[in-house]
1. Residue 160 passes all but one of (1) at pLDDT below 95; (2) outside the structural domain of residue 98 (by TED's automatic domain parsing); (3) within 29 Å of the chain's Cα centre (by Cα); which number fails?
2. Of all residues in the stretch 237-250, how many are more than 18 Å from residue 225 (Cβ to Cβ) and free of Cβ contacts under 8 Å to residues at least 24 places away in the same chain?
3. Yes or no: the stretch 151-168 includes at least one residue that is in a strand (DSSP E or B) and either surrounded by fewer than 18 Cβ atoms within 10 Å (Cβ to Cβ) or charged (D, E, K, R) (or both).
4. Check whether at least one residue in the stretch 116-124 is over 24 Å from residue 25 (Cα atoms), exposed (fewer than 15 other Cβ atoms within 10 Å of the Cβ) and not assigned by TED's automatic domain parsing to the domain that holds residue 174, and report yes or no.
5. When the residues of the stretch 56-103 are narrowed to those that are within 12 Å of the chain's Cα centre (by Cα) and more than 20 Å from residue 188 (Cβ to Cβ), which ends up modelled with the lowest pLDDT?
6. Scanning the stretch 1-29 for residues that are touching a strand residue (DSSP E or B) at 6+ places or on another chain (Cβ under 6 Å) and not in a strand (DSSP E or B), which turns out nearest to residue 208 (Cα to Cα)?
7. Out of the residues in the stretch 197-246 meeting the condition of being among the polar types (S, T, N, Q) and over 21 Å from the mean Cα position of the chain (by Cα), tell me which one is surrounded by the most Cβ atoms within 10 Å (Cβ to Cβ).
8. So which residues in the stretch 30-49 are part of a strand (DSSP E or B) and touching a Phe, Trp or Tyr at 6+ places or on another chain (Cβ under 7 Å), if there are any at all?
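The values are calculated or read from the model by the stated rules, or taken from the named source; none is laboratory data. None of the values given here were measured: they were computed from a predicted structure. Cβ atoms come from the backbone with ideal geometry, glycine included; neighbour counts cover every protein chain shown.
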Amino acid sequence: MKGRDRLRIAIQKSGRLSEASIELLARAGLSFRMSRDRLFCFGESLPIDLLLVRDDDIPGLIEQGVCEAGVVGLNVAREHSLEQQSAGKDAAFDELIAMGFGGCRLSIAVAQDEQWEGPAQLAGRRIATSYPALLGDFLQQHGVAAEIVVLSGSVEIAPRLGTADVICDLVSSGATLLANQLKEAAVILDSQAVLIGTRASPADERRDLMDLLLRRLDGVLKVRESKLLTLTTSRDKLPELLKLLPSGDPPAAQQLVGPSDRIALQVVCHQDVSWHQLEELKRAGASHLLVMPVEKMLA
């Protein structure tokens, strides 16, 4: 099949995950040229192309072999997996990397004046949702029998229209719920964008491209909040300082030039370094503390 020496990644054509996906891939060194119909992006820096599609279609495209990977919300991936499971099949993809953007929650929401006491009060009620498999799994886990009303959109207005009593929908800020006199009652799934990929690795050049992509994305995601902390101290203060260092890679130490017992210490911290942490390190004997952003990192 022509062109299958190139890796294909499906991403959302438009919406909250689209721009963030392209931006993250760009930080991993990938550049693209958009087709005229804006449905395909040709990889210029590497033989990795993008398909721009509806996010709900991405799991199926991977299963059909149209592409090897895709960026979707975890909610979409889990919903598809549960649908396949109910049909007696296994999803043909794995969740490879959490991408760190597109955060939201799939939650049960009830009327603002309703006192929430637990899932048991959903028994016998009509629940509107676009995620019937995830909702059904939640109800089954809690032994609750309820009517699932499947809607493709505008779930939040279902109670006002009289088509449902409560809803199960994605929540980010909660503003949409508030506008419809609803409140978040229970979280079914914490979601974010994830990279999913074929369970069986391609047996050609695409395998190496997938490995390369995963390494680069892992490096980009590690440095997103990472900082390089450097300081100097005397050797006798080192044991106490090591206890106070923020979490990160094992620190590297180097003897300073001259007869002094002072050493330079540097560590890549996988989180922000606060003023409070710096002040604690200084009190413990550190000096010349410097915190710098990390642009790229390859383990």
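1. For residue 160, the failing item is (3).
2. 4
3. Within the stretch 151-168, not a single residue is in a strand (DSSP E or B) and either surrounded by fewer than 18 Cβ atoms within 10 Å (Cβ to Cβ) or charged (D, E, K, R) (or both).
4. Within the stretch 116-124, none of the residues are over 24 Å from residue 25 (Cα atoms), exposed (fewer than 15 other Cβ atoms within 10 Å of the Cβ) and not assigned by TED's automatic domain parsing to the domain that holds residue 174.
5. Among residues in the stretch 56-103 that are within 12 Å of the chain's Cα centre (by Cα) and more than 20 Å from residue 188 (Cβ to Cβ), the one modelled with the lowest pLDDT is 100.
6. Pass one, the stretch 1-29, residues touching a strand residue (DSSP E or B) at 6+ places or on another chain (Cβ under 6 Å): 6-11, 13, 17-18, 21.
With not in a strand (DSSP E or B) added as a condition, the list becomes 6, 13, 17-18, 21.
On the way: 6: 11, 13: 26, 17: 26, 18: 25, 21: 21 Å.
This residue is 6.
7. Filtering the stretch 197-246 for residues among the polar types (S, T, N, Q) gives 198, 201, 226, 230, 232-234.
Of the ones still in play, those that are also over 21 Å from the mean Cα position of the chain (by Cα) are 201, 230, 232-234.
Working: 201: 13, 230: 16, 232: 17, 233: 23, 234: 14.
Only one residue tops the list, namely 233.
8. Let us first name the residues in the stretch 30-49 that are part of a strand (DSSP E or B), namely 32-34, 40-43, 48-49.
Of everything in the stretch 30-49, those that are part of a strand (DSSP E or B) and touching a Phe, Trp or Tyr at 6+ places or on another chain (Cβ under 7 Å) turn out to be 32, 33, 41, 42, 43, 49.
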